[in-house]
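Structure first, then comments.
The values are calculated or read from the model by the stated rules, or taken from the named source; none is laboratory data. Since the structure is predicted, the reported quantities are computational estimates derived from the model, not experimental observations. So basically every Cβ, Gly included, is an ideal-geometry build from the backbone, and we count neighbours across all protein chains shown. All accessible areas refer to the heavy atoms of the entire protein, side chains included, with ligands and DNA or RNA removed. Shrake-Rupley method; radii C 1.70, N 1.55, O 1.52, S 1.80 Å.
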Amino acid sequence: MDELNVKQKRFADYYIETGNATASYLRAGYDAEGNAAEVNASRLLRNAKVQEYIKERNAQLDVEFIADITETKRFWTEIMRDENAEMKDRLKASEFIAKTNGAFVDKKELQGALNNKIEFSFVDPTAADA
């Protein structure tokens, strides 16, 4: 697959940042009058190469900037083991670790009257209407 040109990459990067296709189109350096920016930005978003680039960049950004569960557990463990941290913070961190490891089971209790009646009936679709 051919590479994107510089303006297409700028457009895609600005779009990832802002979510505004028209503003990203103009900010990337394209010239447009009237509603041409909106129309051309929409066309660029439908471009398969641009879509693939946006998908790949979003995946890369997720890895770079969003903590996964392992990183989160490490963070909680650091807090839990930090003797200088407040006890309430250490306990909360240990609770989070325990919950993510399945140590707690939330108990849900449902109450209802025993005289509720549910009726099921089945209709034979092959039987002729009488």
Self-check item: Scope region 41-52; condition touching a helix residue (DSSP H, G or I) at 6+ places or on another chain (Cβ under 6 Å) and open to solvent by 40 Å² or more (accessible area, probe 1.4 Å); matching residues
Solution: Leu45
Exercise. Return the only residue of Gly19, Gly34 being over 30 Å from Lys99 (Cα atoms) and modelled with pLDDT under 90.
Key: Gly34
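Let me confirm something: among Thr100, Thr22, which residue is touching a residue at least 12 places away in the same chain (Cβ under 8 Å), within 27 Å of the chain's Cα centre (by Cα) and surrounded by 15 or more Cβ atoms within 10 Å (Cβ to Cβ)?
Numbers: Thr100 fails: surrounded by 15 or more Cβ atoms within 10 Å (Cβ to Cβ).
Thr22 is the lone residue from the list that is touching a residue at least 12 places away in the same chain (Cβ under 8 Å), within 27 Å of the chain's Cα centre (by Cα) and surrounded by 15 or more Cβ atoms within 10 Å (Cβ to Cβ).
Got a sec? Which of Asp62, Asp82 is at pLDDT below 95 and either surrounded by 11 or more Cβ atoms within 10 Å (Cβ to Cβ) or within 30 Å of Lys9 (Cα to Cα) (or both)?
On the way: Asp82 fails: at pLDDT below 95.
Checking each option against the conditions leaves just Asp62.
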Exercise. Output the residues belonging to region 1-19 that are open to solvent by less than 50 Å² (accessible area, probe 1.4 Å) and of a type in the set (S, T, N, Q).
Key: Gln8
